[in-house]
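Please read the structure below before turning to the comments.
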Amino acid sequence: MADNEIFVESVEVLLLSEIGMSSATMIKDAYPPVSGDPYLEEGDAGPNARVFVTKTSNRTPDEEIGSLLGEDPDDPPATTATHDFYTMILTMSMRLGDPPTTRFINGTIDVAFPYEIKILDYSPKDKSSITALMEKCGGTISISPGLFFLVPESRNTKTPVARKENRFRIPVGSGEKITGTYDKKTGYSLDIPGFFLLEYQGMLKNTHDVSWEIYPPMPPRDSVLTGEKMLAVFSLIVQTPKNVPPELKVGIECRVKGNLWGMIPIRGSTDF
């Protein structure tokens, strides 16, 4: 992978509860729709959700590597000769299977790497940074090479457009995608409206495992609570042994609540 190249891989994860799809269908069938009740419309049986997860990775720029290694006395400069460094952007889009009757309450996203892969930095760490971004963001968010989440400045005629080969697409639903671009100097830009973002905060469990708690925004928005648009974006810089790709496992656990299901956890995971 060259310095300015990116690699994009997407997977679809199904989150299920312990009651199973067949039991959920039987429960829903036992409560036929009531005329005029907006929460008993036709739809897939729940509780469940489909999560579209996309991993976008690139070689971390040398200046960012130097800054990170300089802050960690356990990593001498010689590490760059025996290891590779990757910047990774994880985009998660969740759609509830039965949005008319089910509400998203909260959840956790756990990102774990093999023992030989080390997390050097991650973002966002605190919920306030995402809250501020949601308030200021229009239709695009930017992530700098140093993993800062930013509202992009207005483009003018003197600002070069990202090269075509650095443009990519991210699935966020069945047949629905958003556009992103990557530039070595400025980082990533994703066409995500701020009002589609969930709120979340991260916690590093150890050098191989980081977890984010996710919540509906406050005050709540109907579009999020009913599962129509729920997006979250995470970023990491990792150190791998030379020529070892940054494979990871993503575990997702959420709590949903509805007038048919009560409060129920749903879970799913994927390796990629």
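Taking Met263, Met92 and ordering them by how much accessible surface each has at a 1.4 Å probe, largest first, produces Met263, Met92.
Of Lys136/Lys242; Lys127/Lys242; Lys177/Lys205; Lys55/Lys125; Lys184/Lys242, which pairs sit farther than 30 Å apart, going by alpha carbon to alpha carbon? Could the numbers behind the result be given before it?
On the way: Lys136/Lys242 40 Å; Lys127/Lys242 34 Å; Lys177/Lys205 32 Å; Lys55/Lys125 19 Å; Lys184/Lys242 21 Å.
Over 30 Å apart, Cα to Cα: Lys136/Lys242; Lys127/Lys242; Lys177/Lys205.
The values are calculated or read from the model by the stated rules, or taken from the named source; none is laboratory data. It should be emphasised that the depicted structure is a prediction, and the values quoted were computed from it without experimental measurement. Ligands, DNA and RNA are excluded from the accessible area calculation, which covers all protein heavy atoms including side chains. Shrake-Rupley method; radii C 1.70, N 1.55, O 1.52, S 1.80 Å.
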